[in-house]
1. Among the residues that make up the range 7-18, is at least one of them within 21 Å of the chain's Cα centre (by Cα), aliphatic (A, V, I, L, M) and open to solvent by 60 Å² or more (accessible area, probe 1.4 Å)?
2. I'd like the full set of residues that are open to solvent by 90 Å² or more (accessible area, probe 1.4 Å) and of a type in the set (A, V, I, L, M), limited to the range 154-176.
3. Given the condition without any contact (Cβ under 8 Å) to a residue 12 or more places away in the chain and either closer than 16 Å to L223 by Cβ or surrounded by fewer than 20 Cβ atoms within 10 Å (Cβ to Cβ) (or both), answer yes or no: does some residue in the range 126-135 qualify?
4. Do the conditions hold for I177, that is, is it assigned to a strand (DSSP E or B) and more than 19 Å from the chain's Cα centre (by Cα)?
5. Identify the residue in the range 200-238 that is touching a strand residue (DSSP E or B) at 6+ places or on another chain (Cβ under 6 Å), within 21 Å of L145 (Cα to Cα) and at pLDDT below 95 and, among all such residues, is most open to solvent (accessible area, probe 1.4 Å).
6. So which residues in the range 1-22 are over 23 Å from W116 (Cβ atoms) and in contact (Cβ under 8 Å) with a residue 40 or more places away in the chain?
7. Could you tell me whether any residue of the range 31-44 is open to solvent by less than 50 Å² (accessible area, probe 1.4 Å) and in a loop (DSSP other than H, G, I, E, B)?
8. Among the listed residues G78, G23, identify the single one that is assigned to a helix (DSSP H, G or I) and in contact with a helix residue (DSSP H, G or I) (Cβ under 9 Å, 6 or more places away or on another chain).
Amino acid sequence: MNPAQHSAAVAAETAGFVTVVKGADLSTPVPSCPGWTLADLTRHTGSVHRWFSVLLRRRIQQPPTSREVDLHLPEQPGDFPDWLAESAAESAEVFAGTDLDAPMWAWGLDQHARFWVRRMLFETLVHRADAELALGLVPHIDRVLAADGVDEFLTNLPFASFFAPQTAELRGPDRSIRFSCTDGDDTWLIRLRPDGFGLVADGTDPGAADATVRGTAADLLLLLYGRMDRESDAFQLLGDRDLLAHWFTHSAF
């Protein structure tokens, strides 16, 4: 997917999120985000939109020293769905006025403005799924979008230790884990080294991985974000189970 597709998908995912929560009881607990209600989930997602929009407007070139931003929060929690829609509209305006290929600081691998659009997309998508799960609905995630989300997660996870400190434990004596789609040809190979871990560039290393997880792109995405259990019948697990346990224990995002 390209930045224009990511921008369009942010709008579509946010519209889907708003549809799910509008009219719902916003005090409903969100089991996949312990301690949160639908109101908390909606506020968080809209806040991410507005914060990332500020970063894009400023074209920051180094880590921000403050996260202070006027969120324009509504007075009543019941107004959070409409506020989230307004947050997405603000984001869309910023995307349209930004050269998304321009150099820009980002905490992940891609040091361009487009990083923040892609990151906002999957933050929104996963939390849309959280809202649906909280209401007893089964999330639907487009296969191409899900595969792009798996790639985004695995590409950036090695850089996430400042807010996901357990990832620093993802080390090993040249051990490898493969994630493979059962509904397409997409595959990703993660290599754990004594000094850290990372995604093998093209994922096509012909050697057998020490452990493999197979599932649909959508299920793999939800698994990586901790929204599904790897022992579910949705997945085929091959190889070193202890290595997989180590990965999932320390890769929480």
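1. yes
2. Residues satisfying the conditions do not exist here.
3. Scanning the range 126-135 turns up no residue that is without any contact (Cβ under 8 Å) to a residue 12 or more places away in the chain and either closer than 16 Å to L223 by Cβ or surrounded by fewer than 20 Cβ atoms within 10 Å (Cβ to Cβ) (or both).
4. Here the answer is yes, as I177 does meet what is asked.
5. V200
6. The answer is V20, V21, K22.
7. Within the range 31-44, one or more residues are open to solvent by less than 50 Å² (accessible area, probe 1.4 Å) and in a loop (DSSP other than H, G, I, E, B).
8. Among G78, G23, only G78 is assigned to a helix (DSSP H, G or I) and in contact with a helix residue (DSSP H, G or I) (Cβ under 9 Å, 6 or more places away or on another chain).
The values are calculated or read from the model by the stated rules, or taken from the named source; none is laboratory data. Computed from a predicted model, the values in this text were never measured in an experiment. For neighbour counting, all protein chains shown are included, and Cβ atoms are generated from backbone atoms with ideal geometry for every residue, glycine included. Heads up: the accessible areas ignore ligands, DNA and RNA and are worked out on the full protein's heavy atoms, side chains in. Shrake-Rupley method; radii C 1.70, N 1.55, O 1.52, S 1.80 Å.
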